[in-house]
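Notes for the one structure printed next.
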């Protein structure tokens, strides 16, 4: 438990790679514009106006000081109130500009916040929509999950990038205004400023790269950290943690990971702080060198006191703005690199592609489904999950799948529903490859309930409606589906009936037993007028009587329709027309219950083993 988790490649990015990452910004701004064009445009206009105000305020301040010096050191003309009136007008103008600057800043911050929220929502929806198009086996790949996790992180982190880029443009415009004033006085001040600022820029750039490399390398461990955090404090895990005394095991592992992250981040933070102090001293030295030069020019009478304040203020603001620009450039470039993670996710394409000219789903299935030498293995796996499958599922036939855990039963039904495509061989429907049918339409004609079905923290009605979400407002269909699965018996005991919130995650929710949840899950299969129903261990949490009633009802309701069921209970399996026995992913035998018992093969062996347990 104390072993330090391995840290992957932490090589920082080069300047060329950072600059190359800036190519992501046009696509990023396209996303921002898609989020809300009007708000984006108004934000840009406000920032342009705000960028001109610092120079105006400094210049008006210069005029005010020159007027004050004039009144202080020069005899005031008797009766000449024009200049005094002009002085107070300048004060009023500067006050107005200050109020305007503050108002614009607050308006910009407000719009940044609102636009950031909209952008986070917009990109989150895009991620969910794109994830919905990807294949099931992609979600079972750890590399894919790392990419998905990094893309999710960018939905919130990139709202900050949005403000940074907007601020960068605003500061650049402001800097140009201020630079013109300094260059008109002495161009060497700009050079001195750059020499003082560049070391700090290079330092910030370097440490940002180090942070990015470290953050990227830690993605798998951070996913584990989040998982441990969930295990350690969740209603779903509390009973096992208490019963098996797992709390210390989980918290110890959490501490190992979190301490590792802390140590790595601490090392970089200390180095950053030390070098940041050194670079800040250089920057201050450059500023005061220019300040001394300006004061000397004033003492020698080459510039006025007003010009002194204007130039000193311009240089001070220019230095601050230039520091921000250079520092923010490194951050923006780093953010653009993170955008690569975001856009890289959208470059992932599903392999289960719909045909160009899809074949319509048959109005009536006459020959059924046929497996022709079908084999499948998972990504990054050398072991075949299924191999050499050759059999047919006839119209209206009830086929049971039998085999030990890991025999490939669930994988087979996922192939049948085209959640996977075979690695070799093909699956036919009415003599045509499943790949020739529209994927969405094909799945609409298949009702499937998996053993690890989801228990949605939603209402009773919504939980059933997930079987055909387009009919979520069809109360009659939902109630009929509940009746067919025997889930309607639960409604009578629920305070809010079909509107009862299920699960304990939200207020007034009620938790159900495993068997009650399974009845709801089975009801989902009846939400569709499906040509094929697949039940993968649908009654494992039911007692023997409840299971018998469910399958008796299932047999009646699926007359004329094909069905595939997976069960470890042979009392259920024997109800099927035929039984397919799988062993190590391959078909060992197939036939009716009577035929397979008479054959005395693998099925007979498993059946007799289970029967002995009841004697």
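The values are calculated or read from the model by the stated rules, or taken from the named source; none is laboratory data. Here the structure is a predicted model, which means the values were calculated and not measured. Note: ideal-geometry Cβ built from the backbone for every residue, glycine included; neighbour counts use all protein chains shown.
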Surrounded by fewer than 18 Cβ atoms within 10 Å (Cβ to Cβ) and either in a helix (DSSP H, G or I) or at pLDDT 75 or above (or both): is that true of residue 151 in this structure?
no
Where a residue in region 551-570 is within 12 Å of residue 536 (Cα to Cα) and its partner, wherever it lies, is part of a loop (DSSP other than H, G, I, E, B), with Cβ under 6 Å and at least six apart
566/537
Which of the residues belonging to region 412-441 are at pLDDT 90 or above, within 32 Å of the chain's Cα centre (by Cα), closer than 27 Å to residue 556 by Cα and not in a loop (DSSP other than H, G, I, E, B)?
412, 413, 414, 415, 416
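This table checks each residue for (1) out of contact with any strand residue (DSSP E or B) (no Cβ under 8 Å at 6 or more places or on another chain); (2) over 22 Å from residue 493 (Cβ atoms).
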site	(1), (2)
441	yes, yes
445	no, yes
449	no, yes
458	no, no
468	yes, yes
479	yes, no
Just give me the residues in region 493-509 being outside any strand (DSSP E or B) and either over 30 Å from the mean Cα position of the chain (by Cα) or within 14 Å of residue 462 (Cβ to Cβ) (or both), in sequence order.
493, 494, 495, 496, 497, 498, 499, 500, 503, 505, 506, 509
Can you name every one of the helices (runs of 4 or more DSSP H) wholly within region 535-615 that holds 1 or more residues which are at pLDDT 75 or above, over 46 Å from the mean Cα position of the chain (by Cα) and over 27 Å from residue 375 (Cα atoms)?
593-599, 602-612
Could you say which residue among 512, 490, 454 is farther than 30 Å from residue 429 by Cβ and in a loop (DSSP other than H, G, I, E, B)?
512
For a quick check of your reading of the model, give me the residue pairs whose first member lies in region 169-182 and is closer than 10 Å to residue 314 by Cα, whose second is surrounded by fewer than 14 Cβ atoms within 10 Å (Cβ to Cβ) and at pLDDT below 85, with beta-carbon atoms closer than 7 Å and at least 6 apart or on different chains.
none
Quick check on residue 323: is it in a helix (DSSP H, G or I) and without any contact (Cβ under 8 Å) to a residue 40 or more places away in the chain?
no
